[in-house]
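The values are calculated or read from the model by the stated rules, or taken from the named source; none is laboratory data. Note that the structure is predicted; figures quoted are calculated from it, not measured. For neighbour counting, all protein chains shown are included, and Cβ atoms are generated from backbone atoms with ideal geometry for every residue, glycine included.
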Amino acid sequence: MATTHHPEVVTSQRVATSGQGVMSSVRQPDGVVRILGILTMIAGAVFLIAGGVTWGAVSSNLKAEKITVSPDAAHFGGAAVDTPWEAFSQADIIKHHSLKATGGQTYAEVSSQAKALGDKLTADGVSAADQAANPDLAKLNGLKQVVMTGSFLRASLFTSVVAFGVAALVMGIGVVFGLVGYAITRSQKKDAAAVA
């Protein structure tokens, strides 16, 4: 049986068995790892700054809308909405107010009731002008508008909450990149000291 000798296998056997000069026979990276560490730290700084700028932009845009958390909210009552917690609290109280106005019914339920009543009135031969004057249909259409507006406002506030979350995630990634880059550059310095 013929054996093939590969130079890298022989070298690794020699290094493993010699016991001395192990560090000297291993090729040291010539600054590539250090540069990679520095680039990772720079990427971390960019992520951290981008996340902070995004957080600030969302906060200032919310503040410019001059939204105040309803006084009867569970948290932050009366506070200006410029943080994710205040936005979430305001969205929650809007839902509460909408459901209270409709007796606990959602937009889909109120809308289907209004449509059913409109269809019934049409089938009964009631004209469009008379339907507009119908108090029950007018009440349902008004409630439908209240719930729809509440849903749009809640969706907008939740979008800002998500934007705050993405900004925080990006800042967290920036911190992790910075720490990893720092660890890479520090380990490179320790390896160089061990060889010397």
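Just to be sure I understand, how many residues within segment 121-159 are in contact (Cβ under 8 Å) with a residue 60 or more places away in the chain and farther than 25 Å from LYS95 by Cβ?
Within segment 121-159, residues that are in contact (Cβ under 8 Å) with a residue 60 or more places away in the chain and farther than 25 Å from LYS95 by Cβ number 0.
Of note, LEU62 satisfies the criterion of being modelled with pLDDT under 95 and surrounded by 12 or more Cβ atoms within 10 Å (Cβ to Cβ). When GLY31, GLY51, GLY125, GLY37 are screened for being at pLDDT 95 or above and either within 27 Å of the chain's Cα centre (by Cα) or more than 18 Å from THR149 (Cα to Cα) (or both), only GLY51 passes. Within the set of pairs 6+ apart or on separate chains, which have a first residue in segment 106-120 that is in contact (Cβ under 8 Å) with a residue 40 or more places away in the chain, a second that is surrounded by 14 or more Cβ atoms within 10 Å (Cβ to Cβ), and C-beta atoms under 8 Å apart? Listed pairs, sorted by first residue: THR106/LEU99; THR106/VAL147; TYR107/LYS144; TYR107/VAL147; TYR107/MET148; TYR107/SER151.
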